[in-house]
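**Q** Below you will find the structure I want to go over with you.
Just so it is clear, none of the values below were taken in a lab; they were calculated from the coordinates. Just so you know, these numbers come straight off a predicted model, no measurement behind them. Note that each Cβ is placed from the backbone with ideal geometry, even for glycine, and that neighbours are counted across all protein chains shown.
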Amino acid sequence: MLVCFSIPEAGISFKAPFAGEKLHTEYASLLTLLEFVELNFKMFRGKPLKIYGNSLDLVNQVNMKAVCAYEFTELLKKTLDYKEKYHFSLGWVPPNHNPATSSLFD
């Protein structure tokens, strides 16, 4: 599996191998992006943070529309801490309509 994210407006893409199941990898990708935002906050200050992902399970858990499995509660808590700090929105986009994902694998 790969941890990956893309910020097309800034020409930034990141991918790295990750040993984990699908949802664990999705959380790791989102948290890696949020850590990037934290480390480079000057880039994002004053701009709305709109994040999109193609994992409906992850999007629903972070938006409190689905129950999180016990094994992911710490990852969800960390994500929600970032959400409280940076006030980002997280929306779902189908994998085949996600230009950011396809650009990661070009």
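**Q** Counting only pairs 8 or more places apart or on different chains, how many lysine pairs in region 2-104 have C-alpha atoms closer than 21 Å?
**A** For region 2-104, the number of qualifying lysine pairs is 20.
**Q** Here's another thing I want to ask about it. State, as an integer percentage, the relative contact order of region 2-104 based on alpha-carbon contacts under 8 Å between residues 6 or more apart.
**A** Values: 105 pairs, mean separation 33.8, N = 103.
Relative contact order here is 33 percent.
**Q** Quick one: what Rg and Dmax do you get for the chain from the alpha carbons, in Å?
**A** For the chain, the Cα radius of gyration and maximum Cα-Cα distance read 13.2, 36 Å.
**Q** Evaluate the distance, in nm, between pseudo-label points positioned 7 Å from the Cα of VAL67 and of ALA19 along their respective Cα→Cβ axes.
**A** 3.1
**Q** Further question: Using Cα-Cα distances under 8 Å and only pairs 6 or more residues apart, what relative contact order does region 26-83 have, in percent?
**A** Values: 21 pairs, mean separation 23.8, N = 58.
Value for region 26-83: 41 percent.
**Q** Right, another one. Mind listing the long-range amide H neighbours of SER13? Cut-off is under 5 Å, sequence gap 5 or more, other chains count too, H placed in the peptide plane at 1.01 Å from N.
**A** Under 5 Å from the amide H of SER13: ILE7.
**Q** Something else now. Which trypsin sites (Lys or Arg not before Pro) does region 31-64 hold that lie in a coil by DSSP with at most 15 other beta carbons within 10 Å?
**A** Working: sites: LYS42, ARG45, LYS50; in loops: ARG45.
Qualifying residues, ordered by number: ARG45.
**Q** Of all DSSP beta bridges in the chain, what percent run antiparallel (nearest 5)? Display every interim value, and only then the final one.
**A** Working: 6 of 10 bridges.
Close to 60 percent.
**Q** May I have the extent of the alpha carbons of region 1-58 along their three principal axes, as whole Å values ordered from largest to smallest?
**A** 35, 22, 18
**Q** Hey, for a label at GLU74 modelled as a point 7 Å past Cα toward Cβ, could you say which residues of region 6-39 have their backbone N under 20 Å away?
**A** Label zone hits: 18-36.
**Q** With each run of n ≥ 4 DSSP H residues scored as -39500 (n - 2.57), what mean residue ellipticity at 222 nm is computed for the chain after dividing by its residue count and rounding to the nearest 500 deg cm²/dmol?
**A** -13500 deg cm²/dmol
**Q** Work out how much length LEU39 to ALA10 would gain on full extension: take 0.36 nm times their residue separation and subtract the Cα-Cα distance, in nm to one decimal. Please list the in-between numbers first.
**A** Working: separation 29, 0.36 × 29 = 10.44 nm, distance 1.51 nm.
Additional length available on full extension: 8.9 nm.
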